[in-house]
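Following: one structure in structure tokens, then a few remarks.
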Amino acid sequence: MNKSVILTFMCIGLVVMSLTPSAFATSPTVHAWPSFRHDLLNSGAATGSGYPATATKLWMVNRENRAYSGGTAKSLGPVVVDKGMVISTGSGVAQANSQFDGSLIWAKYFLWHAPQEPADAPSDWCYHDIPALEGNTGVCYTTGDCPSWCFSCTSTQPDCIYDSGYGGTGFSLISPLDFPDGYDQFLAAPTLDPSYGSDGCVIFGTFDGRVISLDMSDGSTIWEKTPYKDPGGPNVGKPWYNQKYAWHLSPPSIADGRVFIGSFMPSFYAIFRPWAYVSEGQPGYPWPTIGNDATHYWAGRDGYFYSIDEDTGSILWTWDPRG
């Protein structure tokens, strides 16, 4: 790559700049520690790197508009460059622009896929009928007499069945986010393998648990997988109350026909104690929370690491770093 050209990104656009010498780089630093876009003099180039220290804009284009909410799609990570293309991902849109003039080569849209609730969860999982005595200062669900140790009682049966989307009812066992169908998907930064096949591939993860491989030449899908629930993934064989849901926040790495990617797996652990919920302002309001579904909740933050076949997207092996 020509060292006189550097590519940067903005939140909604792509900018390419040509670098020229700068008056700001007036003297060398004692220790030229490089950091993100800065040396110790904030000139943008570490002393002795050979890079000029100022930039002239060559071209700038906005990314494509989002499908669901409209407006220019953000670029949410570093862009990648090869085969004369600048490839960027972000809020709902993956796209390729010409490296030389910024013209659009292809764009593809990715929308939210709501996760499925665990199939074997009982319909009454969020309340049941037998409150536990320990520490109960909440509101009990009961169709009979209100026990003396309950703060108050209700005979209205909670709805445990989750209906996704804004304004949905019930309580999700698996998803910490409630987006409507078709919402612009968060796309992690991409990684290229320009030597893959005849045209190369670009691979990235999503916020709804997918890992996707596209053909570099036209953006067509090579494969799309959901490792967190695929064969060999962390949810296989787990009980309904221990299902997890994956976010992919970082770009993958690719080597020797394998894709390596990590996931951030939020889990909501439903603890059936004390089978009650708390009214706002009630004394002894607990932490983290007791919601109005008669269940004590907290969020777990786990992760998984995958080795995935570059040709098929199937899981080769996983590693659970446990926290």
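Some points to look at:
- Number of positions in segment 208-244 that are surrounded by fewer than 18 Cβ atoms within 10 Å (Cβ to Cβ), among the hydrophobic types (A, V, I, L, M, F, W, C) and out of contact with any Asp or Glu (no Cβ under 7 Å at 6 or more places or on another chain): 2
- Each residue in segment 192-233 was checked for being in a loop (DSSP other than H, G, I, E, B) and either within 21 Å of Trp112 (Cβ to Cβ) or of a type in the set (Gly, Ala, Ser) (or both), and 18 of them qualify.
- Considering only residues in segment 248-258 that are without any contact (Cβ under 8 Å) to a residue 60 or more places away in the chain and assigned to a strand (DSSP E or B), the one that is surrounded by the most Cβ atoms within 10 Å (Cβ to Cβ) turns out to be Arg258.
- Top-ranked residue of segment 52-108 - restricted to ones that are of a type in the set (Phe, Trp, Tyr) and either surrounded by 15 or more Cβ atoms within 10 Å (Cβ to Cβ) or within 19 Å of Gly205 (Cα to Cα) (or both), ranked as nearest to the chain's Cα centre (by Cα): Tyr68
- Residues of segment 97-126 satisfying the condition of being polar (S, T, N, Q) and more than 20 Å from Met216 (Cα to Cα): Gln116, Ser123
Just so you know, all these numbers are worked out from the coordinates, no wet-lab data involved. Note that the structure is a prediction, hence the values are computed from the model and not measured. Virtual Cβ from ideal backbone geometry, glycine too; neighbours counted across all protein chains shown.
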